[in-house]
Amino acid sequence: MDAAPRRLAVARRCLDLADLLSAAEAAASGSQPVAVVSATLPRLDGVAVARLAAAGAMVIAVVDRSDAAAAARLRAQGVTQLLLVDDPGDATGPGGQSLLAALLGALAGTGAAHGGTGSPSTVPDQWSHGAGRGAAAPLLGRVVAVWGPVGAPGRTTVAATLADELARRQVETLLADADTYGPSLGQVLGALDEASGLAAAARDANAGVLDVEALARSARLLRPGLRVLTGVTRADRWPELHASALAVVWRVARCLAVWTVVDCGFCLEQDEEIAYDTLAPRRNGATIATLQAADVIVAVGAADPVGMQRLIRMLPDLRSAAPRAELRVVLNQVRSGPVGRGPDRRLLEGLQRYAGVESAVLVPADRDSLDAAMAAGRTLAEVAPASSARRSLMALAVDLADS
Amino acid sequence: MSEPALPAAAAVATSPTLARLARPRWSDTRLLLGVLLLLTSLATGAHVMAGADRTAPVWAASRALAPGIELTSADIEVRAVRLDAAAGNYLAVGVDDPVGLVLTRAVSAGDLLPGAAVAPGAGLAGQGRQVTVPVSAFHYPPDLSRGAVVDVYVTASPGSAASALSTASPAGVQAATAAAPQLVIAGAVVVEVTDGGSGFGGPSASVGVVLSVSADQVASLVGGVRAGPVDLVRVAQP
């Protein structure tokens, strides 16, 4: 320790993972906690690494040099600093000295790159750009997040129809349901199996074993070219869709499908820091992580005064949560009833004036076709291909694919 | 931007197929199997029941018949009965033909015809004769029909040859003024009751009753009928 360039002190020898997490989160401000973990620490998964990173701790894992699988798993779970040693159990002999030297070298090399506490509300950079499994292949696919404010504007309908239209252009598409409040994608597609594909993929991501094959096994084939990751069956299963795990899922999904269309939840609030003293599980973590991973965000609003007001109020929050994504606004159920004559012009004028949105996709209210699709558990193109609602969304799909 | 090509791993990564809600159709396999099962069970049941049928058709009398009557096809009918050991006692359809045979004992309506109850050749081909007797209204039982047994009484009208008959009776003294009815034939079997073809008969019209008698009774019956009005008295069957 004396040879170290900075002051290093062993703060705590932790008994288990829970001890480690609480110690990292309770670290005194102004000091950089470093967590040195063994590769064989029980229950060490992606979520724990994310929590350590969110607490601002740098994670260094000690791995047996011959155990390539453990090294790959740890990298997939987000650990960037790996010390490969010959005999991890040897602490006092020459192996231990070399371990200490390597540790100090690692600390010196990284310096203060990870100093300070990362904001708990954003996924740390080492996650989204880290060397996880599957990132060796170029990231070719694009992620489309379908978001909408509260009030059932038609997120699931738009997401399912959009994915169906993209798949009909002969490109591999993945449709997923990351809604943690009212997941309904499986039911809308008439799925008889209620097992959650996305939760299974998140579990694999947590364990560090999610690759393209594992993701394909969790998904279900709707027809050749279109796969589905059904969401959680109940809203109270939202902890299974941890933000860090979903970030890995979307990264691997880019290697599985050209287009990944994700149906998100409505809420963008991140006030867990206000509500809790300790780092709390984030209710909207799945939605936020999806929006931050997305290349295109399709914001769906209901085409009536209340729906428009909700959409316009939430658009600034959406932009601040995901500043880099391309935004497309879709207004669903466009009809003259609640808006007045000439609904198209009125709605576009309102968007322009209040939200600064220049163009939007207007989906007409085709109640009969949508009811028939829901009754049969099929997409619009399967039940009513001539529907006006389907044609508008087909135009959006063509526009996205050509952009 | 044209669609990028995915790495080869995506091409071989297979996903299980999603089981989706299916609309029920009339051509559903389960429905067709169910209908097939129903028809098969019906056919099998009918076949088994038919195979278990041990009944045989035998001849039975369709109405009450007295002995001595010659059987016609209107008198007999087919019954399906299960006889087992007693099958040899009765006349089987297709094996025996009772038409033309004469009953030797009385049978009620619906009785099976035992082989011992019929005998060949005692009808017209044998010694039997059939005589038609005119009977005026209310002098015969109203429901008189084929197969009944009657006694023939004749009341001789005065001045006819009946006086010769009356001298043979015990009450011969009164024969000159009012002749007593005489029993001409006892126990004659009615073969047929005819109304002469008028078609408007009914129970209160004069009819002709065809009686079956033996050859030696014919003369006395015909003479008696000529002597005066005829009364037919039904004899109850034993």
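Working with all protein chains in place, sort A:Glu194, B:Glu77 by solvent-accessible area computed with a 1.4 Å probe, largest first.
The ordering from most to least exposed comes out as A:Glu194, B:Glu77.
Give me the distance in nm between label points sitting 7 Å out from Cα along the Cα-to-Cβ direction at A:Arg341 and A:Tyr181, one decimal.
3.7 nm
Rounded to the nearest 100 Å², what is the buried accessible area between A and B, both sides summed, probe 1.4 Å?
Using a 1.4 Å probe on protein heavy atoms, the buried area is about 2200 Å².
How high is the FRET efficiency from B:Ala186 to B:Asp53, r the C-beta distance, R0 41 Å, rounded to 0.05?
The computed FRET efficiency comes out at 0.30.
A:Ala101 to A:Arg367: extension gain in nm, 0.36 nm per residue of separation minus the Cα-Cα distance?
88.8 nm
Need one word for segment B:56-124: rounded, prolate or oblate. Basis is the Cα gyration tensor (sqrt eigenvalues a ≥ b ≥ c); a/c below 1.5 gives rounded, then a/b vs b/c decides.
prolate
Along Cα→Cβ, 7 Å out, is where each label goes; now give me the distance between the ones at B:Ala87 and A:Asp86 in nm to one decimal.
Distance between the two pseudo-spin positions: 10.4 nm.
What is the sum of charges around A:Val232, taking Lys and Arg as +1, Asp and Glu as -1, for the other residues whose C-beta is under 11 Å from the C-beta of A:Val232?
-3
How much mean residue ellipticity at 222 nm does chain A get from its helices, if each DSSP H run of length 4 or more adds -39500 (n - 2.57) and you divide by all residues, to the nearest 500 deg cm²/dmol?
-12500 deg cm²/dmol
Relative to the present Cα-Cα distance, how much length would full extension add between B:Ser136 and B:Thr14 at 0.36 nm per residue of separation?
Extending this stretch completely gives an extra 33.2 nm.
Express in nm, to one decimal, how much length is gained between A:Glu326 and A:Val150 on full extension, taking 0.36 nm for each residue of separation and deducting their alpha carbon distance.
Between A:Glu326 and A:Val150, full extension yields 61.2 nm more.
For peptide B:18-26, what's the mean number of Cβ atoms from other chains within 10 Å of each residue's Cβ?
6
Taking a probe of 1.4 angstrom, what is the accessible area of A:Arg65 in Å², to the nearest 10?
Using a 1.4 Å probe on the heavy atoms, I get roughly 130 Å².
When only the heavy atoms of the protein chains count and the probe is 1.4 Å, how do A:Met374, A:Met58 rank by accessible area, highest first?
A:Met374, A:Met58
Taking each residue of A:184-197 in turn, how many C-beta atoms of other protein chains fall within 10 Å of its C-beta, and what is the average?
Taking all residues of A:184-197 together, the mean is 2.
In what order, largest first, do A:His242, B:His47 sit by accessible area if the probe radius is 1.4 Å?
Sorted by accessible area, descending: B:His47, A:His242.
Specify the angular offset, from 0 to 90 degrees and rounded to the nearest 10, of the alpha carbon long axis of helix A:155-167 from the longest principal axis of the alpha carbons in chain A.
That helix lies at roughly 90 degrees to the long axis.
Looking at the square roots a ≥ b ≥ c of the eigenvalues of the Cα gyration tensor of segment A:189-236, which shape do they give, rounded for a/c under 1.5, prolate if a/b is larger than b/c, or oblate?
Note, shape of segment A:189-236 comes out oblate.
The values are calculated or read from the model by the stated rules, or taken from the named source; none is laboratory data. As the structure is a computational prediction, the values presented were derived from the model and not from experiment. Every residue, glycine as well, gets a Cβ built from its backbone with ideal geometry; the counts of neighbours run over all protein chains shown. We work out accessible area using only protein heavy atoms, side chains counted, and drop any ligands, DNA or RNA first. Shrake-Rupley method; radii C 1.70, N 1.55, O 1.52, S 1.80 Å.
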